[in-house]
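Reading through the structure tokens given below for one structure.
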């Protein structure tokens, strides 16, 4: 993932939350998790270890 991917995630987060929705990432790789933590996006977009957990309320 690069800056384009992060910008897409942030834009999606903004659009979805304005519509009273939510966004979560399912099973991101360690590299993606580290990048999200470095840029501070991990606080906005929760990451879950599995798709099942990401879809749970």
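Read-outs: derived from the displayed coordinates by stated rules, not from any lab. Just so we're clear, the structure is a prediction, and the values are computed from it rather than from any experiment. Positions of Cβ are backbone-derived with ideal geometry, glycine not excepted, and every protein chain shown enters the neighbour counts.
Key figures for this structure:
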{"read-out": "For the chain: rounded, prolate or oblate by the Cα gyration tensor [a/c cutoff 1.5]", "value": "oblate"}
{"read-out": "Model label zone, residue 50; criterion: amide N under 15 Å from point 7 Å along Cα-to-beta-carbon; scope the range 8-44", "value": "26-28"}
{"read-out": "Ascending count of other beta-carbon atoms within 10 Å, so fewest first, for 35, 51", "value": "51, 35"}
